[in-house]
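Undergrad: Structure provided below as structure tokens; questions to follow.
The values are calculated or read from the model by the stated rules, or taken from the named source; none is laboratory data. Keep in mind it's a predicted model, so treat the numbers as computed, not measured. Because the Cβ atoms are built from the backbone with ideal geometry, glycine has one as well, and the counts that use them run over all protein chains shown.
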Amino acid sequence: MTSTVHIDVHHLTRVEGHGNIVVNVTDGAIEKCEWQVPEAPRFFESMVRGRHYSEVARITSRICGICAVGHTLASVKATEDALGIEISAQSRKLREVLKHAENADSHVLHAYILVAPDLAGAPSVFPLVETMPDVVARALRLKRLCHEWGSLIGGRTTHPTTVVPGGMAEVPTVKQLAELKEKLLAAVPDLEATVETVAALAPNIPAFDRPTEYIGLSDDENYGLYDGLIQSVLPDGTKQRYPVADYRLVTNEFVVPQSTAKYTKNKLSSYAAGALARFNNNYDMLVPEAKRAAEALGLQPICTNPYMNTVAQVVEVVHSVYDSLRLIDELLDAGVRLEPLVQPTKHGRGIQSVEVPRGILFHEYDYDAAGICQGGNCIIPTNQNHNNIQHDFDVLVPELLAADTGEKEMELALEMLVRAYDPCISCSTHHLDVTFVR
Amino acid sequence: MRYLIGLGNYLAGDDGVGVHVVEHVVAHGLERGFTAVDLATNALNMVSYLGSETEAVLVIDAAHLGLEPGEFRIFAPDEVETQKELAGFSTHEGDPLKVLELARTAGYAIPPFAVMGIEPHGVEHGSPLSESLRARLPEYAAAAIEHLAGL
């Protein structure tokens with residue numbers, strides 16, 4: 001058994017934001033084993049106070065450069081809930097296609113750029129350009145497709161402009177939608193190759209199981225990315241649904257000394273959100289092509305290995321492409337037209353949720369009679385995963401010690417675990433830092 | 001097509017100056033002969049604007065250049081060395097120089113490309129663009145447009 005370990009990973013790489021891993025083991029005794037989140041709170045809830053309802057999503061969209069679509073959709077949906085707005089079937093379908101684009105875009109980035117280097121034994125994606133050039137080229141092709149896919153529906157993928165309270169401010173033409181359909185169909189070989197690549201790398205995914213609670217949106221008609229009820233599934237398959245308005249009863253936020261981000265828990269000591277949680281909750285609602293991908297990748301519900309979250313993301317990419325093709329066909333059959341925005345029928349409190357790449361996202365707002373925001377609340381999925389990551393650490397570290405794992409190997413295993421959750425701790429500052437060489 | 005791309009976090013002080021310049025260009029109808037793009041913090045999407053069909057790209061971003069806050073410099077990627085960790089490649093760290101390097105090594109045809117780096121006062125979350133940089137947005141826009149036209 002490994003007796004002495006000192007791991008201090010300050011600002012873990014290949015995650016979005018800043019998080020630290022600290023493990024101290026002396027003479028076999030675990031003195032410290034922590035996933036630490038030192039990011040400063042950003043107080044978006046205070047930024048929306050005093051703003052007109054038409055401005056709120058513009059602000060909250062800026063919470064994240066990756067999940068900007070999700071934050072826009074959650075924000076607009078919550079505002080529509082508060083204002084008594086029911087959008088049209090066309091608007092909902094367009095938003096669902098947009099949601100799929102964001103999910104696929106983020107998952108492609110995570111699987112290919114952030115996780116694949118671990119599975120291929122490389123420090124970053126750059127060495128893979130030499131050793132796996134076709135894979136990197138495919139990653140960039142898929143990334144570009146997702147960008148074009150989202151931009152067509154959202155006006156732009158990062159901080160979309162078309163999604164507004166009451167519907168869609170702009171809609172694509174029939175010709176543009178037909179072209180998008182052709183692009184998605186043309187990407188099918190890349191999807192199949194992605195599944196093959198991940199299947200080939202899958203033996204390098206650590207074997208680790210820690211049953212936990214999995215929470216995500218769910219409904220009876222689709223996979224539950226854009227809408228649904230909150231659903232919890234326990235390791236024994238027991239499911240329970242909650243109205244979205246009761247999200248505080250599910251999230252139960254609390255603070256811990258090691259993290260500036262709040263922790264959450266529901267039925268068990270922690271729960272997981274994200275692609276694996278959605279897969280475990282909603283497997284039956286996946287399109288057949290995605291179910292076949294899951295089978296090829298050895299993923300079955302209820303999977304309790306958190307490292308498999310990336311595999312679930314790949315399954316979701318397949319689902320998003322094929323479900324978007326279905327939605328586009330329905331839009332083309334009905335004919336797409338610019339519709340007037342639905343106007344408010346009341347003012348009050350609104351609570352809504354969407355699934356973003358990293359899990360279930362909640363937005364809540366209060367509006368006065370003039371449509372001015374009086375307060376807001378936002379619970380992001382990464383915060384809902386911090387507690388689960390810590391509980392994974394609590395089980396994984398003793399297992400690694402018992403298996404005589406060396407310090408470097410243990411450090412990599414813990415880093416890979418955190419990366420598997422695809423945490424988006426903060427879309428913080430990102431400015432250039434350079435020195436001139438000539 | 002020519003692209004003027006703004007990068008940065010809109011809600012992190014001067015980190016978002018690139019996005020503010022793009023907004024200024026669009027709001028004042030200066031988008032002629034090129035397309036202005038707000039990529040926010042998602043620099044990896046820059047690959048969508050690289051390729052043989054692209055004539056030129058100018059990226060505007062906050063940059064620690066050792067200049068006085070508000071001063072700027074337009075440079076080619078090969079004039080500088082990035083000080084960011086290679087292993088830290090992520091959307092969060094969205095370094096356009098690293099994205100360019102990745103695209104180049106992956107075989108993308110890289111068009112004429114330049115970066116306009118603007119020295120920030122501060123990049124704190126929740127703070128607005130500093131007044132001194134805001135006052136110079138027309139100057140930044142004019143310089144960027146002129147340089148892009150000559151690339």
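Undergrad: What residue, among those in the range A:420-438 that are within 25 Å of A:ALA207 (Cα to Cα) and modelled with pLDDT under 90, is nearest to the other protein chains (Cβ to nearest Cβ)?
TA: A:CYS424
Undergrad: Of the conditions (1) within 30 Å of A:CYS373 (Cα to Cα); (2) of a type in the set (Val, Ile, Thr); (3) at pLDDT below 95, A:VAL164 satisfies every one except a single condition; which number is it?
TA: Just one mismatch for A:VAL164, condition (3).
Undergrad: Continuing with this model, one more query. Working only within the range B:1-22, note down all residues that are in a helix (DSSP H, G or I), within 11 Å of chain A (Cβ to nearest Cβ) and of a type outside the set (A, V, I, L, M, F, W, C).
TA: Hits for the range B:1-22 are B:GLY13, B:ASP14, B:ASP15, B:GLY16, B:GLY18.
The rows are residues; the columns are (1) surrounded by 20 or more Cβ atoms within 10 Å (Cβ to Cβ); (2) in a loop (DSSP other than H, G, I, E, B).
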site: A:ILE113; (1), (2): yes, no
site: A:PRO117; (1), (2): yes, no
site: A:GLY121; (1), (2): no, yes
site: A:ALA137; (1), (2): no, no
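Undergrad: Right, next: Inspect all residues belonging to the range B:29-42 and state whether any of them is surrounded by 24 or more Cβ atoms within 10 Å (Cβ to Cβ), small (Gly, Ala, Ser) and within 8 Å of chain A (Cβ to nearest Cβ).
TA: yes
Undergrad: Kindly indicate the residue of the range B:106-136 that is of a type in the set (Gly, Ala, Ser) and at the interface with chain A (Cβ under 7 Å from one of its Cβ atoms) and also surrounded by the most Cβ atoms within 10 Å (Cβ to Cβ) among those meeting that condition.
TA: The selected residue is B:GLY117.
Undergrad: Looking at A:LEU332, A:LEU412, A:LEU341, A:LEU400, which is the one that is touching a residue at least 40 places away in the same chain (Cβ under 8 Å), over 20 Å from A:TYR263 (Cβ atoms), not in a helix (DSSP H, G or I) and not acidic (Asp, Glu)?
TA: A:LEU341 is the lone residue from the list that is touching a residue at least 40 places away in the same chain (Cβ under 8 Å), over 20 Å from A:TYR263 (Cβ atoms), not in a helix (DSSP H, G or I) and not acidic (Asp, Glu).
Undergrad: Considering only the range B:1-53, state which residues are closer than 24 Å to A:LEU145 by Cβ and among the small types (Gly, Ala, Ser).
TA: Within the range B:1-53, B:GLY6, B:ALA36, B:ALA40, B:ALA43, B:SER48, B:GLY51, B:SER52 qualify.
Undergrad: Against the conditions (1) farther than 24 Å from B:ALA109 by Cβ; (2) within 14 Å of chain B (Cβ to nearest Cβ); (3) among the β-branched types (Val, Ile, Thr), where does A:VAL108 fall short? Just the number, please.
TA: Evaluating A:VAL108 over (1) farther than 24 Å from B:ALA109 by Cβ; (2) within 14 Å of chain B (Cβ to nearest Cβ); (3) among the β-branched types (Val, Ile, Thr) leaves (1) as the failure.
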